[in-house]
Structure formats: C-alpha cells, structure tokens
Amino acid sequence: MSGPGGELQPRGEDWELQVVLFEIEGVTYGVEVDRVLEVILRPEVSRVPSAAACVEGVINLRGSVIPVLDLRQRLRLGGDASRATHIVIALVQGTVAGLSVDGVLQVARIPVASVAPPPAAITGPDVRYVEGIAKLEGGLCVLLDLDLALRPEELLAVRGDLDGK
Amino acid sequence: MASDGGWTLTDDDRQIFLVEAEEMVQVLEEGALELERGGYGPELLQAMFRAAHTLKGNSGMIGEDGMAGYLHNMEALFDDLRGERIAVTPALVQQVLSGIDALREMLAQFAQGASPSAVQPMPREDPAAAASPGGDVMPAHVQEPSAQRRFVVTLAVDAECAMPAVRVFQAYQELSRLGRIEGADPQQDSLSNFQGRSATLVLSVERADEVEGALAGLEEIHLESVKEQAAAPASPGGDGEREAATQTVRVRVDVLDKLMNLVGELVLDRTRISDLVAGLDGGKPHEEDERQAELARASLHLGRVTLDLQETIMKARMLPIEQLFRRFPRLVRDLGARSGKHVHLELYGQDTELDRMIMDELGDPLTHILRNAVDHGIECPELRMLAGKPEEGRIALRAATEEGYVIIDVVDDGAGIDQEAVKRTALARGILTPEQAERLTQREVEDLLFAPGFSTAEEVTEISGRGVGLDAVRASLERLSGTIEVLSEPGRGTTFRLRIPLTLAILRALLVRTGDEVYALPIGAVRQIVKLSERNLHTAHGRPLLSDRGSLIGLQSLSRVFEGPEREGEPFAVVVGAGDRQVALRVGALMGEREIVLKSLGDFLGTVPGLTGATILGSGELALVADVRYFLRGAAAAPKEQAT
C-alpha cells in the first residue's frame, strides 16, 4: 500500500495487493507484505520505563533489540496486549519494529478494485493511517499505512504529555 | 545533470567526490589561516595550489563546470602567490576565506542533488594591482625550502621468498636510516600478515641514489623504481595525491556498524560458552574428562580471539580527533573577528583517537564552549594590553587519552571566571538564595555555570547566546556518559575539561535484578555493594538512608525509580556515584559483573530518561542499561545529610 509515494497506486484493473492479515480485538487489519519481515510467536516483552504508552517494551530478536508497539493504543481499541499471541516484525519508518497482534490469519491477494476508500464517517486526522477498506470473502479488512500510524514524533509527543502531568 | 556523455554519476561517485572535496577544502582553509598568521612558506602555497587544482580536476570530471571554473580562478590566484606575483594581504586572505565559503556552499548544493553552476565566478585578482608596494602586505616568515625531496620508492620481493614481511620490514628499516618514511603500503605496523610481492613507500631524502645503496645488502628484495614525487604543479590527474592515498581504504560506516554488531554477538556467545564451561567444571576436576578439558581450553582461546577481534574492530571505528578539531580554527578566528578580538586556536593531541559516533556528538558542545571562550573568556585587546598580556588571545584545544577515557581541555588565557558576577547572576535568576551564596566554595560557584537557566536571553549575543547555556553542553556530555568541569584562575584564564569514554559500544556493567526485571549499571559508576540490615538502614524525614562508614547516603528503590511496583525487603544496595554525588539503589539480587554490548533502544523510543540503551544477556534475556546520572540528579536536589 505504502508504495514509494506513500499512496495507493492502482496500476491497472488486475493489480493486486499482497497483504498480511492479522487480528487485533476482533478486527482484521492488513499491511503490505513487503513491509513484513517475519511473524514470530510472542516472546517475553521487557518493559521500558517512561516510554510512550503505545510502546509495550523491547524484545530480543536474535541479538537485536526491537521495540514492540501496541497498535491497540494507537487505534484506540481498548483491551490490553496480554492477549496478543504473535508479533509482526515490520519495517516502520525505515526501522524495524514489532507489532503485537492477537493472531495472524493469512497472506491474501487483494485486487485493488476491491479496496474502497475509508468511509467518510471515519475520516479525520485520527484515521489518516487507514488506507482503505478491503472486502474479503470472510468480511472486511482495514488496510493500514504503518508509517502514518506510528510516527516516532507522535510517540514521543505522547511521552511528553505523560511527563508533563 | 552532471554528465554530458553516456556516463552517469552514481551515488558512490558523488560520495567519493564529496569526501575528497571536503579534504581539499580543509587543506585550503587551514592554509588560509596559516597565511593570515604569516607563518607560511612555499610548501604551503604549493599545497594550496595543488588542492585547488585537484578539486578543479575532480569537478570537471563529474561535469560540474561551474565549480571547476570557480576553482580555476582560485588555482590561478595560488599560482600568482606561488610565483610571488601577488602578495599576501589581509584582503587577500579574506578573499580566499570567502572563496572557501562559496565552495562549501556549492558542495552543499551538490550534495543536495542540485547543480551549483550558477554561482558568481571567484573574483580574479589583477596581479599587477595586487602586488603594488606600500600596501598592507603581511610578513611571511618564509621557511627555507628544505633540501629534502620526496621519492616514491617501489620495492619488489622475489617470488620464492618465504617471508616477504621480513624482507619488507628490513627494507623499511634500512630506508628509515636514510630519511623519513612519510607513508608506506603496506604500513609498517601491519606487516605481520603481509604476503604480497611488492611494497611502495614515500621517502623524504636528499638524494635518490642513496636508496639503491641502502638496499644493496638485502636479499630477496630489490628496488624496482625510485621516482621523485611531483613537487611542480601536478599534471592533470594528480599523480602525487594518488600515491599518498594508497595507505588507507575508506570503509562505509554502516559496514563498520554491522561488523561491530556481529562482534557484539560473538562477545555474547563467548560469555554464554564460558558460563557453560564454568557450569561443567562444578562437579569434578578437569583431568577426569579429557574432552571437558579440551572444551575449557577452546573456550579460553575463543575468549582471547574474541577480545582481540573486538579491540581491532573498535580501533577501526576510531578516528583521530583531528577530524573534529580541524573545523575549529576557522570558527574561532571568525568569532574573534566579529567581536573585535584577535584569537588564535592551538590544537594539541590531534592524533588522539575516538569512536566516530562519539565524535559526531561532540561537535556541538565543543563549538559552544569555544564560543563561550571567545565571547566571555578572552578580553578585548585593550584590556589584554592593560593586563600585560599579548594582544592576541590564545585558546588551546588539547586532547589526550587516560584509562579508557579521552580528556579534552579547552584552555583560554582570558580573564577567568568572575566569581562575584556568577553569584550575582545566579541570585538574580533565582538559582541561589542569598544564604546559600554566602557559603559557596569556588568550585560550587563554577558549577553554577552549568545550572539550568543560568544563561538566559538577557545575555544573548550573536556569538554565544542563542539561549542555549552550558547546561545543554553538560546534558550532551552526560548522554555520552561523559563529564565536564571548569577550572578557573582569575586573571589567568579558564579551562573546561571534558571527559568522554573512548567508546560507548561495549562496557562492563554490574547486573542487578529487581522483581523480574534486570538492569545493567555501568561498572565505572558503581562505588560499592552493601547488604542491607537493621544496622545500616535508617530513616530521616521519612526518607530512607544507608549509613556506610560514617556517611549517610540517600537510598532509592531501583524498581520505584523506574516506575515499577514497590518491592518490600529487597536485600542489597548498590552505591553509584559520579564526582562528589552518590546514591544507593536498592535491588533484589546481584547477578555479577559482565561485559555487555550496548544497543540502542531505537528511533521509536528515542532517548528514554534514565536509560542509555539495552543489552542482551548470555541467557537471551534483555536488560536495560541504566544511566546512573539520572539517579544522581535526584540526589543532588535532595538536601545533603552528613554524619559527623
């Protein structure tokens, strides 16, 4: 989804997106497969004191320290990360980060034609990171632009707020 | 944008061009400052001419004709200087410096991907006019051109020679008796693994024919050629530069980082294996099991090799501090000129090596301290005369290594710190109460300079203001696990002393556990470890204190500091400190001292207060690396309790 231009660029009717589908709090989300480095079973996550609320902590991924981000916070889903079973290791903003998810469903090919823009009811500054809604056989899937959903300066800003109070 | 022909400029080409250009510009700038001070000779003019010439050639080669044209004029100017057709005047120096600034600007544009051809041409001096007598000609303490000449000596080792390294070493030895070896490939200290069949070196010597004689006594090696290094204007393509460049290879920074990471992994595995071996040892002595003894030996060897590898890679990441220092002479000169002061910066210990990453971080703090020295330290020329000092102010920038640390001193010969003025400012800013001001020692007064809010908008000047005070400087040093202190002698000058660890990547740390979290405390900050008991635990004003050999130390729960739950009855306290501040941290368990590889928490987390990063333990578990200074800040704010 997030091609070089950061936007959906349909290249003809038969153009398909390859998307990794995962579930958080019962909602199906998708991110472009090129973004995803791997999916791992959720290991022990070490808490990082004073980090932003959507930073769950850090994990050891074969010798590298990788931050784990909790999309629940960012997507205002409620619930908590303890239900998460897997971590999707993805490239976000050019760095490697993990996303806590409740389950990974599959890798799907989605024809671009079946992707609808986000409905007007949910647009607004908070949902810029929704690229579109894709119709799948089993229901709908929210396509995410991770770069927009997880901008470091926003995460830092969140921490600033916490410090301030 | 760059090429006319079919050849396109790759990113690598651009990068190489830019790196070389920066070196040339640096030569020009250093030269210009030398010219201004008058201590130059024909060699300097020659070097400047060559730098302009080479850069011109390079610019032309990549199709940047605008830049090449500009450099053509600059080259012509140095040619005139060299030929004594024009003289060095302050105006000319200024012209050269402005020219260098314009070049930098063009290079910056080029680095951005633009083609900087639409620049004004370098103003061309008319030799006749410029050489007119009676002008403000600067005296040149012209150095005698030395009788020594530089030769490029190429040696060939016979094909059947079993130990080429030995032969080349002997040849170097013989040649170094004749004159100075300016450079060699292979370098003398990297000869031990040399297996090649030829060696090249640059030798400063009076006569070429001596070279052959010196080598006559050696076997299996003979002289292939002796060529004088071009001292005349280099022919297009610059043979001279190419020969000097063969001693080093440029390595991409990310490749080094990757190597460093891999070595880090290896260090961890080594620790893991030696832990395992230690575990096996427990039951019975080695002799009973030959394989176990073998394993222990292999583990020991692995440890040695890893350590060696680690040190070597670390060395590869180190750069001479000259890379950082060399931009400052110009800075200081310009700052001085702007405030009507003559200030000269002297550089010492430029070959002191420092981790590249740390060097990057030191630029801003040092710039600030130098600005400070020029603005507040060095007096104006009249005052200096009155005080019986030379009109020209001196600032020395000195680097040296001391037990795993690099010490950088910024020493000025200015007025020193006015203690009373500092106290007045601190009072006015509300940093200090009048009662406190009465009792301050000199050291404490000087420490006030680093207090947040001490430097404010009121004293913003073009030079040192900008509302950033020395507190910001101290903060940046603390991020590097370094310290800064100031020493001042009224009337004699001020010294800022910076202490920075040689490298941040690998450090020894004490691992402690609180609940299920593991933290690493850098060993340099650990003063001692105490088992808590009723006898050494106290409370004063509701605050827990640890009494230790007559002094009382504030006690904090590590878990609480890091926003964890209160953990009752944790049995140990680790006293950490820096300088004259210390604090005791209460922890649940001690896991011993280890070598750890410091890893960044990454862009997403940025700088987290109290943490410098994370590390991975032998068990695969993660530990957060605590920034001890974070605890000490709290300690400094708390009232000091002293037992008598």
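Read-outs throughout are calculated quantities, based only on the coordinates presented, and are distinct from any laboratory measurement. This structure is a prediction, so every number in the text was calculated from the model and none was measured. Note that each Cβ is placed from the backbone with ideal geometry, even for glycine, and that neighbours are counted across all protein chains shown.
Sorted largest first, the spans of the alpha carbon positions of the range B:56-103 along the three principal axes are 33, 22, 11 Å. Note on the range B:253-319: Cα Rg divided by 2.2 N^0.38 Å, N the number of residues, gives 1.40.
For a paramagnetic label modelled at 7 Å from the Cα of A:Asp147 toward its Cβ, which residues of the range A:56-71 fall within the zone defined by backbone nitrogen distances under 13 Å? No residues fall inside that zone.
Per-residue mean of other chain beta-carbon atoms within 10 angstrom of the beta-carbon, peptide A:44-57? Per residue, the average neighbour count from other chains is 5. Mean partner shielding of peptide B:259-269, defined as the number of other chain Cβ atoms within 10 Å of each residue Cβ, is 1.
The modelled label-to-label distance between B:Leu537 and B:Leu262, using points 7 Å beyond Cα along the C-beta direction, is 5.1 nm.
Stokes-Einstein diffusion of the range B:539-586 at 4 °C, 1.567 mPa s viscosity, Kirkwood radius from Cα pairs, rounded to a whole number: 114 µm²/s. Inter-chain neighbour count for B:557-568: the average number of beta-carbon atoms from partner chains within 10 Å of each residue's beta-carbon is 1. In this Cβ point-charge picture (+1 for Lys and Arg, -1 for Asp and Glu), the range B:253-319 has a dipole of about 280 debye about its Cα centre.
Strictly over 21 Å apart at the Cα level, which of B:Lys258/B:Lys315; B:Lys531/B:Lys599; B:Lys258/B:Lys599; B:Lys56/B:Lys227 would you flag in this model? Pairs exceeding 21 Å: B:Lys531/B:Lys599; B:Lys56/B:Lys227.
Taking label positions 7 Å along the Cα-Cβ direction at both B:Gln15 and B:Gln195, the computed distance is 2.9 nm, reported to one decimal. Computed as a quarter of the hull surface, the mean projected area of the alpha carbon convex hull for the range B:288-331 stands at 3.4 nm².
Kirkwood Rh over alpha-carbon pairs of the range B:11-130, then Stokes-Einstein at 10 °C and 1.306 mPa s: what D in µm² s⁻¹, rounded to an integer? D = 111 µm²/s. The ellipsoid equivalent to the alpha-carbon distribution of the range B:321-501 has semi-axes of 25, 21, 15 angstrom, derived from the gyration tensor eigenvalues as √(5λ) and listed largest first.
With Cα atoms defining each centre, the range B:8-38 and the range B:43-89 are spaced 12 Å apart in the structure. Relative contact order of the range A:19-160: 27 percent, from C-alpha pairs under 8 Å at least 6 residues apart in sequence. Just the Cα atoms of the range B:375-424, one point each, no solvent: what log10 I(q)/I(0) does Debye give at q = 0.29 Å⁻¹? Normalising to I(0) and taking log10 leaves -1.04.
Given a Förster distance of 51 angstrom, what is the FRET efficiency for B:Glu182 paired with B:Ile529, based on the Cβ-Cβ distance and rounded to 0.05? For R0 = 51 Å, the calculated efficiency reads 0.45. With each label modelled as a point 7 angstrom along the Cα→C-beta vector, the B:Glu220-B:Ala589 pair spans 5.9 nm. Each Cα pair under 8 Å and six or more residues apart adds its separation to the average, and for the range B:330-417 the resulting relative contact order is 35 percent. Sorted fewest first by neighbouring Cβ atoms within 10 angstrom, B:Asp355, A:Asp102, A:Asp70 come out as A:Asp102, B:Asp355, A:Asp70. Each peptide among A:47-54, B:535-542 gets the average number of other Cβ atoms lying within 10 Å of its residues, and from highest to lowest they stand as A:47-54, B:535-542. Put simply, the range A:19-160 fits an ellipsoid with semi-axes of 24, 18, 13 Å; these come from the alpha carbon gyration tensor as the roots of five times its eigenvalues, largest first. Taking every alpha-carbon pair in the range B:506-637 and binning the separations at 5 Å intervals from zero gives 2, 10, 22, 24, 21, 12, 6, 3, 1, 0 percent.
Reported value for the range B:333-428: 143 Å³ per residue, from the convex hull of its C-alpha atoms.
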